[in-house]
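Read the structure below first, then the notes.
Read the figures in this text as sums done on the coordinates, not as results from a lab. Here the structure is a predicted model, which is why all the values come from computation and not from measurement. Cβ placement follows ideal geometry from the backbone for every residue including glycine, while neighbour counts extend to all protein chains displayed.
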């Protein structure tokens, strides 16, 4: 098992602006602040969402556009390095007006209504992604 | 982006009593223990649940009563200040006997079967909610 | 409310091997590394999953086999002691190609496509499970 040991550093309590692009805001935040290793979790609501499912045998993404107001039941992910730059990887579960849930990989175009995020910075060796031919994804190695 | 930096303090490993009201117990716990800033996560099961969805344009809540035994696939949230008192904000995903999920904002009337919660206290500036007219919610500012 | 106070120790950033059994790998990891108290969270994908729902009145498990490739929207859980050995308790939410979610208690036979896990070790008093007749589960006491 891939295993990197790290220590917990400062925590950032974040609220992206109303109407902003959730993933882009997080991506911009970690680059601006030089955060290369972190874990995050959040709850809130979005006015619309784009999520993705990965077709494992075909090694391609399916895009799912959810053009409705949704609760963010939760979102979770991490920050590590790809090509020397921090990259944010987030999964999300959204809930509609009947409580039904939609989950997947968070994509650009998900618009913030309100999000309350805790990003925990970590101090340790670099955790680096590179293309993994077996899965077709950029994974830790 | 709203951004408050904090440090991690002691962690509380919590199990509310069987049959108790999950949100009320958490709310009472943080007030009794003077916890003003925290993040929490948990898993378990409930004998019934009340969750809510926020209608964004109408700025009103829809209440969803789930009168069945459910797994708590997960719950996540935070503690911050409203009117000088700590307030717990939690989202939850519940799963029924076929694995189908229901998610939303945790409301009173959700009854504990078993819950295993980690509440991480944070030390930092006060994080305060007030009414936000744009969303109709009490948000960090 | 059951309440144990602990401190955060080192964090382990984990990626179980492609094709491995997710729960067995985690279980083996904590035993091999002598981790008796921890919290964990993860995101990724699996090639298939086994989850469980607990019938509360009957005190028995329903097994749900999901024989399809699925996103791991998220997984969360903890490590505590049962019969003197660390035991991993994890809940999971999975999402299919339409974003529909399935949640429950993670069981053996869930096979890793890719998983990115943060396991936060905790230092504190032992947290011990034993059989609880009221629920039929091995719970903290």
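A few remarks follow.
- Residue within the stretch A:72-81 that is over 18 Å from residue A:23 (Cβ atoms) and either facing chain C (nearest Cβ under 10 Å) or free of Cβ contacts under 8 Å to residues at least 60 places away in the same chain (or both) present: no
- For residue A:18: the one exception among (1) more than 9 Å from chain B (Cβ to nearest Cβ); (2) more than 24 Å from residue C:117 (Cβ to Cβ); (3) surrounded by fewer than 21 Cβ atoms within 10 Å (Cβ to Cβ): (1)
- So residue C:34, is it more than 9 Å from chain A (Cβ to nearest Cβ) and either surrounded by fewer than 15 Cβ atoms within 10 Å (Cβ to Cβ) or closer than 12 Å to residue C:106 by Cβ (or both): yes
- Residue in the stretch C:83-92 that is touching a residue at least 40 places away in the same chain (Cβ under 8 Å) and closer than 19 Å to residue A:101 by Cβ present: yes
- Taking the stretch C:37-53 as the range and being within 11 Å of chain A (Cβ to nearest Cβ), more than 13 Å from residue C:94 (Cα to Cα) and touching a helix residue (DSSP H, G or I) at 6+ places or on another chain (Cβ under 8 Å) as the test, only C:40 passes.
- Tally, over the stretch C:37-68, of residues that are assigned to a loop (DSSP other than H, G, I, E, B) and crowded, with 21+ Cβ neighbours inside 10 Å: 1
- Elements of type strands (runs of 3 or more DSSP E) contained in the stretch C:90-137, each with 2 or more residues being within 7 Å of chain B (Cβ to nearest Cβ): C:101-106
- Considering only residues in the stretch C:110-130 that are touching a residue at least 60 places away in the same chain (Cβ under 8 Å) and surrounded by fewer than 16 Cβ atoms within 10 Å (Cβ to Cβ), the one that is nearest to residue B:71 (Cα to Cα) turns out to be C:126.
- Restricting attention to the stretch B:1-15, the residues that are out of contact with any helix residue (DSSP H, G or I) (no Cβ under 9 Å at 6 or more places or on another chain) and either away from chain C (no Cβ under 11 Å) or within 19 Å of residue A:41 (Cα to Cα) (or both) add up to 10.
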